[in-house]
Amino acid sequence: MRDSFYEEIADLHKARENKIKNAFLSFLCGGVLGLLGEGIVEILVSFFSLSREDGLVWMLILFIFLASFLTSLGIFDRMVTIFRCGLLIPITGFAHSMTSCCLDTKTEGLIYGMGSNAFKLAGTVLFYGVSSAFLLGAVRYLIEVIA
Amino acid sequence: MTIHYQNVYLQDTACVCGPYEKKGPLGKYFDKTYSDFYCGESSFEKAEVKMVKDSIQCLLKKSSLAKEDIDLVVGGDLLNQITATTYGSYGVGQGFVGIYGACSSSVLGLILGSTFIENGFASNVIGVVSSHNLTSEKQFRYPIEYGAPRPNSATFTATGAASCLLTSQKSSIRMECATIGRSIDYGQNDSNDMGRVMAPAAIDTLTRHFQETGRGVEDYDWILTGDLGVYGKEIVKEYLLKKYSIDLEKKYDDCGVLLYDLEKQKEVKAGGSGPACSPLVVYSYFVSQLRKKKIKRILFLATGALFSPLFLYQKENILSICHAVSLEVVD
C-alpha cells in the first residue's frame, strides 16, 4: 500500500535526468540525420541520374543497412544511449530494433529464435503504423467523396 | 520471523565474476574473473551456467571436499525455471533445492541451508546464486543489442556466480541468526527504479530484526543491504532515521554501491543488482574481513523484487522482499 511519508522521502532521493541536454542531443542528431538523408538524395539525383523517388528509396536502404551494420558491430546501441530518440525515431531505429532482436535470439536457431522474434519490437510499429495508415486513408477518402 | 542458529558455520566462499565487476574496486578479492560476457561459451546463458560450475568447483577445491561429500545444494538465479543454477550444479551433492527469491536468493539459500544443518538433516550444504547482465537484460528488458536508453535510477545486473559452504563443523565464521522477510507492496511499479521498490522491504526486515532480537545498530559492525543502489540507500537511511529514529551512522552501506566504482563506471548508473551482486561483495570482501577478525559481526540483508514483466504489463505493482542473516566471528 502506498505510504505518503515514504513517497515524500523517496522523492527527495530521486535520480535526476538532464532532460534539456537529452532533448537537445536528440534534436541535433535527428536534424543531422535529416540533413544527411537530404544530402545523399541530392548526390544520388545529381551524380547517378536517379529520379527523386528512386533516390529517396536508395537513401532509406542505405540508412537501414548502416543502422543494422553498426548494430551488429555493437556501435549503434552505444550511439543510442547518447542520442536516444534522435536515432530511434527515424528509420534507423526501426532497423536497429529488428537487427537487435535477431542478434539476441540467434542462439535459439533460425525458426524458434530469429524467425519468431525478429518483429518482437518492430511488430508494434508495423501493426499500428499500417492500421493508422488504413484508418486515416479511409477518413481522407470519405472526406474526398463528401466534398 | 527470526531464527537463531547454534551450530551452523560458514566454511568457505567462492566468487566468479565478469568484466565490469573485475574492474570494480573489489576486483582483487574474486577467485576467478572473466574478461568478456561469453566466458568461452557459445551463448550468454551457457556462460552463466559456466560461472556457476566454476564457482562450485572453486569452492570444493578450497574446502578439499568431493562432489559426493555435499549433502545439499540450494541455489537460484534470474533465468526462467532457474536454469543457470540447475544446470550449473548438476552432478554436485546428494540433493538439490532450487529457490527463487530474485536478488534475495543468496540469503534465502543461506537460511534454508542453515536450517537443514541446524536440525541435523545435512552437514555440508552449498548455497549458490548467479546472475548475468546480458541474460537478465534479455529476460526482463530489451534485446541485448537494443540501445534502449536507461534512466539514472536504473541498476546494472551483476555478472557472476557466488557460492558458499555451510557446515556443522566449527570454523571461524558462524551463521548466528536470520530473519525471514515477507513480501512488501508499497504501490511501486517503476522497474527502472528498483532502489525505490525494494527499500521498504529492507526497512521492514531490518526493523523487525531489531524488534525480535532486541538489538540495535550498535550490535553490528556493518549493516549491508543487497542491491538498492545509491538512491535506495539514501531512502533507507533517511526513512529509518525519521520514522523509527534509527541512525545507521557510518555502519551502513549497500552492496550494489560497493561492487562498482560509480565515479568511473558510469554505465552502471545507480549501482549493481541481481542475485550475485550482494554475495559477490559479502562473500569476498566482508567474509575476508571477518576471517581476519577486523570486524566481529555483520548483518546482511539481501533485497529482491518479486515481479515479472508480464505482471507489470498487466498493471500490477512490484512486490519486494528482504531476507537477513547475521554472520559473526567465532572466538
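This table checks each residue for (1) among the basic types (K, R); (2) open to solvent by 10 Å² or more (accessible area, probe 1.4 Å).
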| position | (1), (2) |
| --- | --- |
| B:S168 | no, yes |
| B:S171 | no, yes |
| B:R174 | yes, yes |
| B:I180 | no, yes |
| B:Q188 | no, yes |
| B:T205 | no, no |
| B:W222 | no, yes |
| B:V230 | no, yes |
| B:V236 | no, no |
Within the stretch B:309-324, can you find the residues that are part of a loop (DSSP other than H, G, I, E, B) and touching a residue at least 12 places away in the same chain (Cβ under 8 Å)? B:K315, B:E316, B:N317, B:I318
Is it true that A:E7 is among the acidic types (D, E), more than 14 Å from chain B (Cβ to nearest Cβ) and farther than 24 Å from B:I144 by Cα? no
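Regarding B:A122, is this residue assigned to a loop (DSSP other than H, G, I, E, B), surrounded by fewer than 24 Cβ atoms within 10 Å (Cβ to Cβ), among the hydrophobic types (A, V, I, L, M, F, W, C) and within 14 Å of chain A (Cβ to nearest Cβ)?
Working: assigned to a loop (DSSP other than H, G, I, E, B): yes; surrounded by fewer than 24 Cβ atoms within 10 Å (Cβ to Cβ): yes; among the hydrophobic types (A, V, I, L, M, F, W, C): yes; within 14 Å of chain A (Cβ to nearest Cβ): no.
When the stated conditions are applied, B:A122 does not pass them.
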Any chance you could count how many residues in the stretch B:125-163 are buried (at least 21 other Cβ atoms within 10 Å of the Cβ), over 15 Å from the mean Cα position of the chain (by Cα) and part of a loop (DSSP other than H, G, I, E, B)? 6
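Of all residues in the stretch B:23-66 being β-branched (V, I, T) and either touching a Ser or Thr at 6+ places or on another chain (Cβ under 6 Å) or in a loop (DSSP other than H, G, I, E, B) (or both), which is farthest from B:N124 (Cα to Cα)?
First, pick out the residues of the stretch B:23-66 that are β-branched (V, I, T): B:33, B:49, B:52, B:56.
With the extra rule that they be either touching a Ser or Thr at 6+ places or on another chain (Cβ under 6 Å) or in a loop (DSSP other than H, G, I, E, B) (or both), the set shrinks to B:52, B:56.
Values: B:V52: 18, B:I56: 13 Å.
Only one residue tops the list, namely B:V52.
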Please pick out the residue among B:K233, B:K294, B:K250 that is part of a helix (DSSP H, G or I) and among the charged types (D, E, K, R). B:K233
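If only one of B:L240, B:L327 is open to solvent by less than 70 Å² (accessible area, probe 1.4 Å), closer than 16 Å to B:F210 by Cα, more than 14 Å from chain A (Cβ to nearest Cβ) and touching a residue at least 24 places away in the same chain (Cβ under 8 Å), which one is it? Break it down into steps so the answer makes sense when it comes.
Values: B:L240 fails: more than 14 Å from chain A (Cβ to nearest Cβ).
Matching residue, one of B:L240, B:L327: B:L327.
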Every listed condition ((1) open to solvent by 60 Å² or more (accessible area, probe 1.4 Å); (2) farther than 19 Å from B:V282 by Cα) holds for B:K250 save (2)
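Can you pull out the residues in the stretch B:192-224 that are within 14 Å of chain A (Cβ to nearest Cβ) and of a type in the set (S, T, Y)?
To start, the set of residues in the stretch B:192-224 that are within 14 Å of chain A (Cβ to nearest Cβ) comprises B:192-204, B:207.
Listed by number, the list holds a single entry, B:T207.
Test B:I117 against the criterion of being of a type outside the set (D, E, K, R), surrounded by fewer than 21 Cβ atoms within 10 Å (Cβ to Cβ) and outside any loop (DSSP other than H, G, I, E, B), and give yes or no.
Numbers: of a type outside the set (D, E, K, R): yes; surrounded by fewer than 21 Cβ atoms within 10 Å (Cβ to Cβ): no; outside any loop (DSSP other than H, G, I, E, B): yes.
No: the conditions fail for B:I117.
Pick out the one residue from A:L56, A:L70, A:L33, A:L25 that is open to solvent by 70 Å² or more (accessible area, probe 1.4 Å) and within 23 Å of A:G86 (Cα to Cα). Reasoning before the result, please.
Working: A:L70 fails: open to solvent by 70 Å² or more (accessible area, probe 1.4 Å); A:L33 fails: open to solvent by 70 Å² or more (accessible area, probe 1.4 Å); A:L25 fails: open to solvent by 70 Å² or more (accessible area, probe 1.4 Å).
Going through A:L56, A:L70, A:L33, A:L25 in turn, the sole match is A:L56.
Of everything in the stretch A:101-129, what is open to solvent by 60 Å² or more (accessible area, probe 1.4 Å) and more than 10 Å from every other protein chain (Cβ to nearest Cβ)? Give them in sequence order.
Passing the criteria: A:L110, A:I111, A:Y112, A:M114, A:S116, A:F119, A:T124, A:V125, A:L126, A:F127, A:Y128.
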For the stretch B:256-267, does any single residue satisfy the condition of being within 20 Å of B:L327 (Cα to Cα), open to solvent by less than 20 Å² (accessible area, probe 1.4 Å) and within 14 Å of chain A (Cβ to nearest Cβ)? yes
Among the candidates A:L28, A:L60, A:L50, residue that is touching a Leu at 6+ places or on another chain (Cβ under 6 Å), more than 14 Å from chain B (Cβ to nearest Cβ) and among the hydrophobic types (A, V, I, L, M, F, W, C): A:L50
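Could you check the stretch A:13-22 and list, in sequence order, the residues that are over 24 Å from the mean Cα position of the chain (by Cα) and open to solvent by less than 90 Å² (accessible area, probe 1.4 Å)?
A:H13, A:A15
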Could you check, for the stretch A:93-100, whether at least one of its residues is hydrophobic (A, V, I, L, M, F, W, C), surrounded by 15 or more Cβ atoms within 10 Å (Cβ to Cβ) and at the interface with chain B (Cβ under 8 Å from one of its Cβ atoms)? no
In the set B:S171, B:S191, the lone residue that is assigned to a loop (DSSP other than H, G, I, E, B) and at pLDDT 95 or above is B:S171
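Condition (residue is open to solvent by less than 20 Å² (accessible area, probe 1.4 Å), of a type in the set (S, T, Y) and within 22 Å of B:D254 (Cβ to Cβ)) applied to the stretch B:3-17: is it met by at least one residue?
Quick first cut of the stretch B:3-17, residues open to solvent by less than 20 Å² (accessible area, probe 1.4 Å) only: B:5, B:8, B:10, B:13-17.
Still in the list and also of a type in the set (S, T, Y): B:5, B:13.
Then drop every residue that is not within 22 Å of B:D254 (Cβ to Cβ), which leaves B:13.
The answer is yes; a qualifying residue exists.
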Could we say that B:Y285 is open to solvent by 10 Å² or more (accessible area, probe 1.4 Å) and either outside the structural domain of B:Y29 (by TED's automatic domain parsing) or modelled with pLDDT of 95 or more (or both) here? yes
How many residues are in contact (Cβ under 8 Å) with a residue 24 or more places away in the chain, in a helix (DSSP H, G or I) and facing chain B (nearest Cβ under 8 Å) if we restrict to the stretch A:64-84? 2
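The values are calculated or read from the model by the stated rules, or taken from the named source; none is laboratory data. These figures come from a predicted structure and were not determined experimentally. Glycine also receives a Cβ, built like all others from the backbone with ideal geometry; neighbour counts cover every protein chain displayed. Side chains included, ligands, DNA and RNA excluded: accessible areas come from the protein's heavy atoms. Shrake-Rupley method; radii C 1.70, N 1.55, O 1.52, S 1.80 Å.
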